[in-house]
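The values are calculated or read from the model by the stated rules, or taken from the named source; none is laboratory data. If you're wondering where the values come from, they're calculated on a predicted model, not measured in any experiment. Using ideal geometry, Cβ is built from the backbone for each residue, glycine included, and neighbour counts are taken over all protein chains shown.
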Amino acid sequence: MVQLNRIYTRTGDEGQTSLGDGTRVPKTSLRVVALGSVDQLNASLGVVRAIDDLGPDIAELIAQIQNDLFDVGADVCVPSASRSEQRSPPGLVEADIVRLERAIDRFNEDLAPLSSFILPGGTAAAAQLHLARTQCRRAEIDLLKLAAAEEVNRFISAYLNRLSDLLFVLARVCNKFAGADDVLWQPGGESPA
């Protein structure tokens, strides 16, 4: 279990931070940027979980995803070159991606097919899930940039790709659950009242 006695260390005041293996790197490094994007996504999902009318199935699923994202962070913060049998963080595996695919199929089953693109919005829960979806896409892009330069667990980008799809579906489910319609895109037209 992790124990933090001090919150500030002053070691990052000059624009550097430590990775999980102790290596000091600039806070602007691809690895740290990717970690920040995953952290931002996780925080956004925490806001989603705080919404009262979310429903227990979605809240439990989001809690599992938040734990997965901490595993992603633990995985990404330790460069592959410094890993060993004794020092290997938890990482995502193919089963984690399959779990997301099954959730997408289960939640999407009762939704009407889309005949238009939808705008982020509707209920507060749906709007926040759409925001998390966009943050998920940003985290995926940042991890792909890192993967182009250094070795990264190959399941992370696939997981984030599925997760953004799941968040889209969950936003639609939240709107349906609350009796709200998806906000449809009106190309070149007036915005609906």
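Values as computed for the structure displayed
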| quantity | calculated |
| --- | --- |
| Some residue of segment 155-177 being assigned to a loop (DSSP other than H, G, I, E, B) and not hydrophobic (A, V, I, L, M, F, W, C) | no |
| So Gly179, is it farther than 24 Å from Asp110 by Cβ and modelled with pLDDT under 95 | no |
| Every residue from segment 29-78 that is closer than 16 Å to Pro90 by Cβ, surrounded by fewer than 18 Cβ atoms within 10 Å (Cβ to Cβ) and either hydrophobic (A, V, I, L, M, F, W, C) or in contact with a strand residue (DSSP E or B) (Cβ under 8 Å, 6 or more places away or on another chain) (or both) | Phe70, Ala74 |
| Residue within segment 113-121 that is surrounded by 16 or more Cβ atoms within 10 Å (Cβ to Cβ), more than 19 Å from Gly20 (Cα to Cα) and over 18 Å from the mean Cα position of the chain (by Cα) present | yes |
| Where a residue in segment 37-63 is on the phi < 0 side of the Ramachandran plot and its partner, wherever it lies, is at pLDDT below 90 and crowded, with 19+ Cβ neighbours inside 10 Å, with Cβ under 7 Å and at least six apart | Val48/Leu54 |
| Matching option when the condition is farther than 26 Å from Asp53 by Cα, among the basic types (Lys, Arg) and at pLDDT 95 or above, among Arg154, Arg102, Arg138, Arg83 | Arg138 |
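Yes/no per residue for (1) under 15 Å from the mean Cα position of the chain (by Cα); (2) assigned to a helix (DSSP H, G or I); (3) at pLDDT 90 or above:
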position	(1), (2), (3)
Thr28	no, no, no
Leu45	yes, yes, yes
Asp53	no, yes, no
Ile62	yes, yes, yes
Gly73	yes, yes, yes
Val78	no, no, no
Pro89	no, no, no
Phe107	no, yes, yes
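Per-residue answers, yes or no, for (1) among the aliphatic types (A, V, I, L, M); (2) in contact with a strand residue (DSSP E or B) (Cβ under 6 Å, 6 or more places away or on another chain); (3) surrounded by fewer than 17 Cβ atoms within 10 Å (Cβ to Cβ); (4) in contact (Cβ under 8 Å) with a residue 24 or more places away in the chain:
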| position | (1), (2), (3), (4) |
| --- | --- |
| Ala139 | yes, no, no, yes |
| Ala148 | yes, no, yes, no |
| Val152 | yes, no, no, yes |
| Phe155 | no, no, no, yes |
| Arg162 | no, no, no, yes |
| Leu167 | yes, no, no, yes |
| Leu170 | yes, no, no, yes |
| Val173 | yes, no, no, yes |
| Val183 | yes, yes, no, yes |
